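In what follows, a structure is listed as structure tokens, so that the remarks can point back to it.
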Amino acid sequence: MEKLAKPLDKMHESNKSTTRPTVTILLPAYNEAAIIADSLTILCNHMSNLNEKYDWDILIVNDGSKDETGRLAEELTQSLPNISVYHNKVNMNLGGALRNGFKQATGEYIVVLDIDLSFGPDHVESLVDAAIDQDADIVIASPYMKGGKTTNIPFHRLLLSKVLNKIMRYTSGINIHSFTGMARAYRKEFLDTLNLKTSTYSINPEIIQKARILRGRIIEVPGHLDWTLQLKYGENRTSSVSIFKGILNGLMSSFIFRPYGFFMMIGLLLLVSSLYMIVWIFYHIYVIYPEIQVSGNFIDDMFSEAVAVVYTQRPHAFLIGGFTFVAAIQFLGLGFISLQKKRYFDELFHLNSSILKETKGL
């Protein structure tokens with residue numbers, strides 16, 4: 001019996017090692033008729049070379065497109081392998097498209113890419129391999145970390161993206177470089193516990209925020225953001241993101257990570273300013289105090305007279321110092337209140353996610 005056990009164990013290990021991870025590549029698409037055929041052909045050709053490594057499929061979420069995106073996507077399911085299409089009846093923005101895609105995806109790992117392949121097909125392998133090798137719940141392809149790069153990105157968009165991501169990195173305290181990028185790999189079992197609700201482009205920072213609350217493992221791998229294909233078809237595409245909306249969403253996401261940080265930073269700046277004015281006032285009172293002559297020479301009378309003299313000379317110092325001091329206390333108070341509420345939110349979200357996980361049997 002002992003002699004037979006070893007070959008059986010080896011056979012079991014061999015079967016386990018050859019089991020291919022299942023991977024769903026999720027592609028949100030809104031008005032992408034000009035680019036969808038070329039992108040899907042490139043992606044399928046690349047993934048066909050990885051048939052022995054992954055059990056893969058591609059899920060296109062047609063997000064209520066007003067052009068021929070939906071029809072072309074359905075036609076591509078007949079000519080290209082492992083493609084399925086989910087149609088949103090109306091446009092639900094990126095957040096809605098991703099949330100529906102996450103529900104429909106069946107792979108153990110979900111890789112999200114832009115349909116314009118601004119992050120090329122080779123990122124699928126680097127993202128999934130990193131998730132498996134490092135037991136990560138989320139893997140982000142970052143062009144801004146060491147080893148990452150960008151190609152053909154308009155200067156204003158690149159600058160905006162870098163600034164917003166640096167702000168988010170500072171405000172969140174999370175040591176990653178790309179909060180807004182969509183090219184990521186998710187472990188589906190973990191993703192199903194996040195209970196996402198955002199319908200806009202802010203869904204990407206929201207995922208990171210909630211993953212952090214649940215102590216998810218988030219890592220980055222170098223990515224290459226290349227807009228060559230996007231610029232080629234740019235005139236025929238209508239899915240571009242408003243710069244104003246990008247700035248607004250980025251700032252709001254930064255605020256949500258640590259709202260108390262914003263209030264306390266403003267409060268501390270105002271407090272320092274007010275203390276400077278108050279010290280200036282008391283210094284001049286101290287200088288002028290020995291020169292005060294009042295009947296009785298009582299200390300309180302002399303001090304009051306010195307204050308009156310300084311106020312007569314510099315009334316704005318009293319007004320500005322007093323106003324900024326009161327404002328500083330207000331902002332610091334808001335900071336402490338928001339810190340308390342943030343902790344309550346984190347605790348409640350963690351508890352609700354645990355209940356959701358048990359309910360779903362995850």
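The values are calculated or read from the model by the stated rules, or taken from the named source; none is laboratory data. Predicted model, so just to flag it, every value in this text is computed and none were measured. Positions of Cβ are backbone-derived with ideal geometry, glycine not excepted, and every protein chain shown enters the neighbour counts.
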* Asked: Name the pairs: first residue in region 302-331 and of a type in the set (G, A, S), second residue surrounded by 14 or more Cβ atoms within 10 Å (Cβ to Cβ) and outside any helix (DSSP H, G or I), Cβ to Cβ under 8 Å, at least 6 apart or on different chains?
  -> A306/I292
* Would you please list the contacts, defined by Cβ atoms under 7 Å and residues six or more apart or on different chains, that run from a residue in region 17-44 that is over 27 Å from D137 (Cβ atoms) to a residue that is small (G, A, S) and part of a strand (DSSP E or B)? => I36/A29
* Asked: Which numbered condition trips up N195, out of (1) on the phi > 0 side of the Ramachandran plot; (2) in contact with a Lys or Arg (Cβ under 7 Å, 6 or more places away or on another chain)?
  -> (2)
* Structure fact -> Residue set V85, V124, V111; condition over 18 Å from M182 (Cβ atoms), in the same structural domain as N204 (by TED's automatic domain parsing), β-branched (V, I, T) and touching a strand residue (DSSP E or B) at 6+ places or on another chain (Cβ under 7 Å); output residue V85
* Structure fact -> Here, helices (runs of 4 or more DSSP H) confined to region 144-213 with at least 3 residues that are more than 22 Å from D133 (Cβ to Cβ) and of a type in the set (A, V, I, L, M, F, W, C) are 155-172
* Asked: Which condition does S84 not pass, out of (1) buried (at least 18 other Cβ atoms within 10 Å of the Cβ); (2) over 22 Å from E220 (Cα atoms); (3) of a type in the set (S, T, Y), if it passes all the others?
  -> (1)
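Condition check: at pLDDT 85 or above and either part of a helix (DSSP H, G or I) or loosely packed, with under 14 Cβ neighbours inside 10 Å (or both). Does I288 satisfy that?
So I288 does not fit the description; no.
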* With a cut-off of at least 2 residues that are modelled with pLDDT of 95 or more, name the helices (runs of 4 or more DSSP H) lying wholly within region 1-115. => 36-48, 69-79, 93-104
* Structure fact -> Filtering region 176-207 for residues that are within 13 Å of the chain's Cα centre (by Cα) and either farther than 22 Å from N165 by Cβ or of a type in the set (A, V, I, L, M, F, W, C) (or both) leaves a count of 7
* List the number of the failed condition for D129; all other conditions in (1) outside any helix (DSSP H, G or I); (2) surrounded by fewer than 19 Cβ atoms within 10 Å (Cβ to Cβ) hold. => (1)
